[in-house]
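The values are calculated or read from the model by the stated rules, or taken from the named source; none is laboratory data. Quick caveat, the model's predicted, so the values are computed rather than measured. Note that we place each Cβ from the backbone using ideal geometry, even for glycine, and neighbour counts take in every protein chain shown.
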RNA sequence: CGGGCCGGAGUAUGCCGGUAGUACGCGUGCUUUGGGAGCACGUAGACCGAGUUCAAUUCUCGGCGGCCCGACCA
């Protein structure tokens with residue numbers, strides 16, 4: 001009698017899932033502000049969501065190792081005076097730092113800042129570590145949590161506390177530091193495009209969008225399904241700005257004292273939010289196979305009395321897939337098949353194998369892919385081979401889909417009228433800009449669009465600024481951003 | 001911090017100035033099991049404070065908290 005209500009309820013859930021809230025629940029739960037609960041705007045990462053983060057960690061760590069970057073760990077608390085040393089840096093972060101004023105039952109003589117990023121405390125240490133050109137390059141990374149008390153937290157995308165990786169390096173020359181910053185950006189680009197199947201546009205940030213205290217900031221910008229931009233990762237060429245105030249200096253090959261040229265680069269749990277918004281559909285998450293913690297789930301079907309045999313077969317298949325290097329899990333719970341299907345679809349597992357008594361009789365299994373398409377019957381012997389190519393195909397397909405979406409929403413415009421309409425419709429808008437920060441600000445106020453980046457790849461082209469009409473030599477990407 | 005909406009079982013909601021109703025969930029039992037199972041029984045609820053009133057979950061005000069939109073931002 002309640003099947004109608006039930007159906008409506010489900011419809012509702014599907015509708016609401018358009019704003020992703022349903023799948024957050026399986027990955028990250030918003031932390032409620034309860035009297036004894038966690039702080040507003042923070043997040044709880046559930047085991048399944050954390051497994052995704054661990055995959056990202058592992059992949060980046062492998063690259064870091066190849067580049068001879070060492071992992072280290074620095075303190076959570078930063079004495080306030082350290083943060084205050086670099087003028088631009090302190091001004092950039094002052095509004096969003098959390099400060100500890102009391103501890104041990106007493107008021108502290110000097111307040112402690114909870115790190116919003118670790119440049120200051122690390123470079124204070126680096127000044128001791130770096131003495132000679134022989135100590136360079138110094139390549140340090142840390143996996144840590146940081147706190148930024150933003151005015152408006154947003155689940156995944158801008159939580160008060162978030163996890164990230166921050167790399168910090170010191171080099172002999174500005175040229176070397178700049179090359180390094182760009183190289184790290186390409187590592188992030190690899191992660192985004194090859195692993196997470198999210199196409200990105202690499203480029204440089206405008207002066208007003210760059211990191212506080214940096215010489216310049218490189219970025220990769222991703223586009224979500226709705227056409228809004230998400231800064232996926234950044235890499236900063238810090239020049240000697242921090243080295244000068246923290247005295248990170250060394251004796252060079254000619255015996256002269258020089259300031260080190262530095263870089264810092266980071267990627268946060270925000271990327272998981274980007275992943276969701278780039279690929280998910282109304283059924284839930286869609287995980288690209290190279291990233292997915294579970295690539296294949298084997299679902300047993302049938303009565304309790306028959307599942308013993310089915311489960312046994314499932315284990316054999318799982319073993320074989322593992323040997324082929326596939327991350328596989330068995331779901332042998334005594335639940336109705338539909339319920340299990342929906343659950344794993346919601347979790348975004350790329351490939352599902354259905355295994356029941358009927359399949360066993362034919363020595364076959366049913367294969368279903370998360371990114372759509374028909375279910376197919378496959379002889380059990382062919383499974384491992386078939387699945388490897390299937391995973392590769394899904395990976396390519398997801399990238400292609402995201403790529404097509406992005407390409408279709410990049411608009412080249414030359415007039416102010418076209419510009420405002422293209423921004424409003426949710427596009428990456430390629431337009432000429434004169435380079436004037438005032439004009440940039442005005443555009444932001446009038447349309448909500450910010451300069452996402454000045455793309456590396458573009459032909460030199462003379463034109464007129466879309467807003468001011470002044471001469472311009474490059475196009476930049478304007479878009480609304482998360 | 002500004003503008004809008006909201007606050008009730010674990011979740012989502014209907015009605016209402018006077019027994020707080022429904023669905024899902026959860027628990028037990030039986031029947032089921034190839035796309036979200038059925039029946040029976042059970043479980044559990046008004047953010048805080050003040051005001052109006054014979055009577056407030058409902059109306060008013062304040063606080064606290066949430067969501068959405070701006071400013072901020074990985």
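For the stretch A:278-317, which residues satisfy the criterion of being farther than 25 Å from residue A:381 by Cβ and crowded, with 20+ Cβ neighbours inside 10 Å?
A:278, A:279, A:280, A:284, A:285, A:286, A:287, A:288, A:291
Would you call residue A:209 within 12 Å of RNA strand B (Cβ to nearest atom) and either at pLDDT below 95 or over 30 Å from residue A:397 (Cα atoms) (or both)?
Answer is yes for this residue.
If I go through the stretch A:73-88 residue by residue, how many of them are within 20 Å of residue A:170 (Cα to Cα), surrounded by 13 or more Cβ atoms within 10 Å (Cβ to Cβ) and out of contact with any helix residue (DSSP H, G or I) (no Cβ under 7 Å at 6 or more places or on another chain)?
1
Inside the stretch A:325-366, can you point out the residues that are surrounded by 13 or more Cβ atoms within 10 Å (Cβ to Cβ) and more than 23 Å from residue A:308 (Cβ to Cβ)?
A:326, A:327, A:342, A:345, A:346, A:347, A:348, A:349, A:350, A:351
Kindly list the number of the only condition in (1) within 25 Å of residue A:272 (Cα to Cα); (2) surrounded by fewer than 20 Cβ atoms within 10 Å (Cβ to Cβ) that fails for residue A:435.
With respect to (1) within 25 Å of residue A:272 (Cα to Cα); (2) surrounded by fewer than 20 Cβ atoms within 10 Å (Cβ to Cβ), residue A:435 is out only on (1).
Within the stretch A:447-474, restricting attention to residues that are under 16 Å from residue A:209 (Cβ atoms) and not in a loop (DSSP other than H, G, I, E, B), which residue is modelled with the lowest pLDDT?
Filtering first and then ranking leaves A:447.
Being more than 16 Å from RNA strand B (Cβ to nearest atom) and surrounded by fewer than 23 Cβ atoms within 10 Å (Cβ to Cβ) is the requirement here; does residue A:260 meet it?
No, not satisfied.
Please work out which residue is nearest to RNA strand B (Cβ to nearest atom), limiting yourself to the stretch A:296-353 and to residues that are over 24 Å from residue A:374 (Cα atoms) and within 28 Å of the chain's Cα centre (by Cα).
Going through the qualifying residues, I end up with A:322.
Of the residues A:230, A:267, A:238, A:321, which is closer than 23 Å to residue A:393 by Cβ and buried (at least 20 other Cβ atoms within 10 Å of the Cβ)?
A:321
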